[in-house]
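Written out below as structure tokens is the structure these notes cover.
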Amino acid sequence: MTKLIPYFNPKQNSFSRVAVFLSGSGTNAEKILNHWNTYDKNFYDINLIFTDRPVTSNAKKISEKFSIKFVGNDIRKFYLERGCKRLTIGTPEGKKIREEWTNSIREQLKPHAIDFALFAGFIPLTNLTADFPCLNVHPGDLTYLKNDKRHLVGLHTIPIELAILEGLNYLRSSVIIAKPYFESEDNMDNGPVLGISEKVNINLMGSNLDELKKVYASRPSLRPKNGYQDSLEKISAVNQESLKINGDWIVFPRVVSDFAKGNYAHDKMGNQYYKNEFDEWIMIKTVEYSSDQKKPILTDDE
């Protein structure tokens, strides 16, 4: 039989220790915490809330609501104290500061002995992903390929825009194991896809595809600091919020639960496996999660 390598091995005599990372409102984090409180407290322990934005995010409030330890490390302040106004890894200086910031977080996390982390709306790239598994939810169907590559990738509303411009009539959220970055952000969405949400319908809000393609073609080559603020971006933002509610909030907590129980594995060839309700390992592409069931996706076919 093929030797399987679990993505995560649960502890046998104690609970796995989990940190939730967030940068903003924390709605994804709250959904995970509610699910954990209701169903999973006997499987793992969320013992830390971390934020890169201690002043503007809701991390502190959420930590108090759930009586969980709070840790903050202001990334903008960290950069400014070192004479850098841009939060970038695109320059040697910016990359050096990002690694220094990451190392300072490592020191903060040491007392908490984290086994894995959840990026629930966590914005900055960090190579903490090399220290322990970090699960991240992405607003795009990462099983959708074009020229044999994941097509619905990128930051902000870009994955939503790409789905619209492809002529798709649906969106999905994907939960991946985030990979370390290297010289750029190019590989940020390349981790194993553990789960996807059900399809969530796209709403073009009265526009049509031809109009939106023209909007896209008229954009400047570089994205402005505050976004394009055109109709494509605004429509995509509305659809992204719908996807968060009907996609992220369903798939992310349930993938976390399965991950904490050790239900995902891979082999040396890169094939992915899932342990089903009969305690059997089956080879999968990913798992589709709805509010009340799980459907292993075995092939490229829907």
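Can you spot a residue in region 228-235 that is surrounded by 19 or more Cβ atoms within 10 Å (Cβ to Cβ) and either more than 28 Å from L135 (Cα to Cα) or without any contact (Cβ under 8 Å) to a residue 40 or more places away in the chain (or both)?
Yes, region 228-235 has at least one match.
Taking region 51-74 only, how many residues are touching a Lys or Arg at 6+ places or on another chain (Cβ under 9 Å) and crowded, with 20+ Cβ neighbours inside 10 Å?
The total comes to 5.
Please find, within region 136-186, the residue that is surrounded by the most Cβ atoms within 10 Å (Cβ to Cβ) out of those that are of a type in the set (G, A, S) and under 24 Å from K214 (Cβ atoms).
G140
When residues of region 236-245 are filtered for being surrounded by fewer than 19 Cβ atoms within 10 Å (Cβ to Cβ) and not hydrophobic (A, V, I, L, M, F, W, C), how many remain?
Here the count works out to 2.
Can you pull out every residue in region 18-34 that is more than 13 Å from F50 (Cβ to Cβ) and in contact with a strand residue (DSSP E or B) (Cβ under 8 Å, 6 or more places away or on another chain)?
N28, I32, L33, listed by residue number.
Looking at the structure I just gave you, is L209 farther than 30 Å from V255 by Cβ, in contact with a Gly (Cβ under 8 Å, 6 or more places away or on another chain) and either buried (at least 17 other Cβ atoms within 10 Å of the Cβ) or of a type outside the set (S, T, Y) (or both)?
Yes, satisfied.
Pairs under 9 Å by beta carbon, first residue under 26 Å from K96 (Cβ atoms) in region 110-131, partner part of a loop (DSSP other than H, G, I, E, B) and of a type in the set (D, E), six or more apart or different chains?
So the pair list comes out as I114/D131; A117/D131; F122/D52; I123/D52; P124/D52; L125/E185; T126/D52.
Which residue, of L142, L162, L168, is within 12 Å of the chain's Cα centre (by Cα) and either of a type outside the set (F, W, Y) or in a strand (DSSP E or B) (or both)?
Only one candidate qualifies: L142.
Kindly list the number of the only condition in (1) touching a residue at least 40 places away in the same chain (Cβ under 8 Å); (2) charged (D, E, K, R); (3) assigned to a loop (DSSP other than H, G, I, E, B) that fails for E288.
Going through the list (1) touching a residue at least 40 places away in the same chain (Cβ under 8 Å); (2) charged (D, E, K, R); (3) assigned to a loop (DSSP other than H, G, I, E, B), E288 breaks only (3).
Kindly indicate the residue of region 247-282 that is out of contact with any helix residue (DSSP H, G or I) (no Cβ under 9 Å at 6 or more places or on another chain) and in a helix (DSSP H, G or I) and also surrounded by the most Cβ atoms within 10 Å (Cβ to Cβ) among those meeting that condition.
This residue is V255.
Within region 97-142, how many residues turn out to be farther than 22 Å from D258 by Cβ, of a type in the set (V, I, T) and modelled with pLDDT of 95 or more?
The total comes to 3.
The values are calculated or read from the model by the stated rules, or taken from the named source; none is laboratory data. Everything numeric in this text was worked out from a predicted model, so none of it was measured. Here Cβ is always computed from backbone atoms with ideal geometry, including for glycine, and neighbour counts include all displayed protein chains.
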